[in-house]
1. Taking into account only those residues within region 65-88 that are out of contact with any helix residue (DSSP H, G or I) (no Cβ under 6 Å at 6 or more places or on another chain), under 22 Å from A6 (Cα atoms) and free of Cβ contacts under 8 Å to residues at least 40 places away in the same chain, which is least open to solvent (accessible area, probe 1.4 Å)?
2. Return the residues of region 39-88 that are part of a helix (DSSP H, G or I) and at pLDDT 80 or above; say none if nothing qualifies.
3. How many residues are at pLDDT 90 or above, over 13 Å from the mean Cα position of the chain (by Cα) and not charged (D, E, K, R) when one looks only at region 21-38?
4. Within region 11-25, can you find the residues that are surrounded by fewer than 13 Cβ atoms within 10 Å (Cβ to Cβ) and in contact (Cβ under 8 Å) with a residue 40 or more places away in the chain?
Amino acid sequence: MIAAEAVGQQIVLTVEDDGPGVPEEALPKLFDVFYRSDPARKHPNQGSGLGLAIVSKSVERMGGRIRAENRPEGGLRMTLVLPRAQGE
C-alpha cells in the first residue's frame, strides 16, 4: 500500500508491505550505509545495502524525516515526512 496526505505544511508518504518485517533490533540500523538485516543477503551480487541510506540522506536534505516500523499485522511500514513546497 502507498498513501500520501497533506498534513499542515507537510506531506506524509506511507509505504507498507505484507512481508515478514524485520527484527526489532534491526529497525534503528535500516538506514545505515551497507547494513543488511537479512543474513541471506550477504552476497555482494545481491545488493550493496545503500538504498535506504541514500533515501534517508535525501529525505534529510529536503528537510524531512523517515522512519521504519513493523506493522502489527505483519510487514514493514516506512513513513516519510517532507515539508510542502513554498507557495502551495
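The values are calculated or read from the model by the stated rules, or taken from the named source; none is laboratory data. Note that the coordinates shown come from a computational prediction; the quantities given were computed from them, not determined experimentally. Neighbour counts run over all protein chains shown; Cβ positions are idealised from the backbone, glycine included. For the accessible areas, the whole protein counts, side chains as well, though only heavy atoms, and no ligand, DNA or RNA atoms are used. Shrake-Rupley method; radii C 1.70, N 1.55, O 1.52, S 1.80 Å.
1. Top of the filtered list is A85.
2. Filtering region 39-88 for residues part of a helix (DSSP H, G or I) gives 39-41, 44-46, 51-61.
Result: G51, L52, A53, I54, V55, S56, K57, S58, V59, E60, R61.
3. Residues that pass the stated criteria total 1.
4. Taking region 11-25 and keeping what is surrounded by fewer than 13 Cβ atoms within 10 Å (Cβ to Cβ), we get 18-20, 23-25.
Selection gives D18, G19, P20, E24.
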